Amino acid sequence: MKRAKQDKATKRSKTSGNAGQPMPRNEHTDEAAVARIAQADAEDAADEAWWEEFRKILRRVSSEHPGLHFFEVMGIAYKEFPQKPAGFHERHTQQCNRCGQRLEYHPDYDAHFCRRCNRWTESRCRGPQCEFCSCRPERPLP
């Protein structure tokens, strides 16, 4: 009886969840996963650097032109924005750069997320008054 339980537990841990099919594991798939995560980390860092530069330009233009509406500030600052990193739009709205799964949109928080990785693919706007970002949980799913 004990042996049967061990076999079931071992079999369960080696399956991918797709109808009990074994998940292929070898050093090549592990290396590919590590490389994919490293690339995703680099892409995320480049995206975050872009967002920081974008915010810095907006803050500067807003302070130079007090009283302008946000869209007017955007119209002035637009020419100064740096080019987005390659694949920026896809990583934030279409496909997870870590697992490859299609992203989903959460209307309550106006943001895209990956269900498999349980992570947001868009950073918060940092506006304390923002109705979406100010109440967004750390993870999209409980």
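Being aromatic (F, W, Y) and free of Cβ contacts under 8 Å to residues at least 40 places away in the same chain is the filter here; which residues of region 72-93 pass it?
Y78, F81
Restricting region 94-132 to residues that are within 8 Å of the chain's Cα centre (by Cα), part of a loop (DSSP other than H, G, I, E, B) and without any contact (Cβ under 8 Å) to a residue 40 or more places away in the chain, which is nearest to W50 (Cα to Cα)?
E122
Checking F54 against (1) assigned to a loop (DSSP other than H, G, I, E, B); (2) over 25 Å from A32 (Cβ atoms), which single condition isn't satisfied?
(1)
Looking at (1) closer than 21 Å to C117 by Cβ; (2) modelled with pLDDT of 90 or more, which is the only condition D30 fails?
Answer for D30: the failing condition is (2).
The values are calculated or read from the model by the stated rules, or taken from the named source; none is laboratory data. All figures in this text were calculated on a predicted structure; none of them were measured in a lab. Cβ sites come from the backbone with ideal geometry, for glycine too, and all protein chains shown count toward neighbours.
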